[in-house]
Amino acid sequence: MRLVLMGLGVVGKAFLRMLVEKAPELRYKYGLNPTLVAVSDSRSSLYNERGLDPRTVVDWKSRKGSLSGLIDEVDLRGADLVREVEAEVLIEATPSNFRDGEPGLSHIKAALNTGKHVITANKGPLALEMPALIEMFRESGLRLLFSGTVGGGTPFVRFVRSCLIGERVLVIRGVLNGTTNYILTRMEMGISFEEALTEAQRLGYAEADPSNDIDGWDSAAKLVILSNLAMESDVTLREVEVSGIRGVEISRELLSWGKTVRLIASADKSGLRVRPEVVERTDPLAVSGAMNAVSFFTEHSGRHTLVGKGAGGEETATAILRDLVELKMSLSGVSSCS
Ligand code: HSE
């Protein structure tokens, strides 16, 4: 399976490292032998139809900060690269942009127009155009997989797709942003908002533009994705009521009553919203640090809550790998749902 990888930030690099480390396992367990034929960061691209060495790419990028100077450097960029390369799968790992979805949206459309399946960890294109993209991929017979867009490596997306078959999800409530949850947890300990944000950035949880985390847009994007999937809605980011955590205070008094504040993303028949809410500290959603938690309230089987690490390069890279294995299995006629 030939891959083109767009985006070589923490997620893209972690994915390439995993391709190297897990190559024997992928071959042995799943018959998967991926060849990286093209890769691009924000400034340069590499292409070799016989395959690039992922280890060399990631080492060079880590040492030099760019791909420039490697032997397979080409002039093609962005959507032109995606269109021109001979590959079966686009891995889209550029930063999420919630204004116009670019550059990821153009990459995904270029892949669709040239017969490539897409695995995206980029939330922007789905947050803005998920219903249209799902429809276009369905019509084309190509796959669009996006486990890495919600919950890092925690399989919220896979849980909905595989484990809730035959159920109806009536309500979703979740903590979907690691950065804000980390900040709120540190504020419970008496640390200031600004100090906690700096820590979250240092730990690599925050988006390239951290206002997307703090103002609730990252949570809203993930809520759109989960809601469309679990509740069969047809919504985009424009339909979510969003308020973030700027100005939120967590008083000693509130904590002494056994309560705290969490940025809750929720969807029900009245709509989608993201806002800080007071919750009991014993609520399964009152997770600490950069953890994420989502409760699906279903028609017949009650509340299901999944908790796990919601951010991080390696965590998200495992979700991409999971999608790649699923793609391989579905193309071989094997269903990975059980
Ligand atoms: N900035 C995001 C978060 C990263 O803090 O949850 C994962 O999408």
Could you put ASP215, ASP268 in order, starting from the residue whose Cβ has the fewest other Cβ atoms within 10 Å? ASP268, ASP215
Okay, helix-only estimate at 222 nm for the chain: each DSSP H run of n ≥ 4 adds -39500 (n - 2.57), divide by all residues, round to 500 deg cm²/dmol; what do you get? -11500 deg cm²/dmol
Top positive-direction residue, dipole computed over the range 158-310 with Cβ charges, set ILE245, ALA286, VAL261: ALA286
Packing-based exposure ordering (other Cβ within 10 Å, fewest first) of ARG17, ARG138, ARG275, ARG50: ARG50, ARG138, ARG275, ARG17
Pairs over 26 Å Cα to Cα, from LYS109/LYS269; LYS123/LYS328; LYS22/LYS61; LYS116/LYS222; LYS22/LYS116; LYS64/LYS123, come to LYS109/LYS269; LYS64/LYS123
Quick check on the exposure proxy: order HIS300, HIS107, HIS117 from fewest to most C-beta atoms within 10 angstrom. HIS300, HIS117, HIS107
So the FRET efficiency between ARG202 and GLU167, C-beta based with R0 = 45 Å and rounded to 0.05, is 0.65
Selected from VAL334, GLY151, LEU197, residue furthest toward positive end of dipole (the chain; charges at beta carbon): VAL334
Taking R0 as 35 Å, what FRET efficiency do you get between SER243 and ASP53 from their Cβ-Cβ distance, rounded to the nearest 0.05? 0.15
Under unit Cβ charges (Lys, Arg +1; Asp, Glu -1), what dipole magnitude, rounded to 20 debye, does the chain have relative to its Cα centre? 680 debye
Where the centre of each part is set by its Cα atoms, how far does the range 149-199 sit from the range 104-129, in angstrom? 24 Å
What net charge do the residues around THR149 carry, taking every other residue with its C-beta under 9 Å from that of THR149, with Lys and Arg at +1 and Asp and Glu at -1? +2
Hey, how many Å between the Cα centroid of the range 275-316 and the Cα centroid of the range 17-79? 34 Å
Ignoring the sites themselves, what is the longest stretch of the chain with no GluC sites (Glu not before Pro) in a DSSP loop and at most 10 other beta-carbon atoms within 10 Å? 1-231
Roughly what % of Cα-Cα distances in the range 158-310 sit above 18 Å, to the whole percent? 55 percent
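Read the figures in this text as sums done on the coordinates, not as results from a lab. For clarity, every value in this text was computed on a predicted model and none was experimentally measured. So basically every Cβ, Gly included, is an ideal-geometry build from the backbone, and we count neighbours across all protein chains shown.
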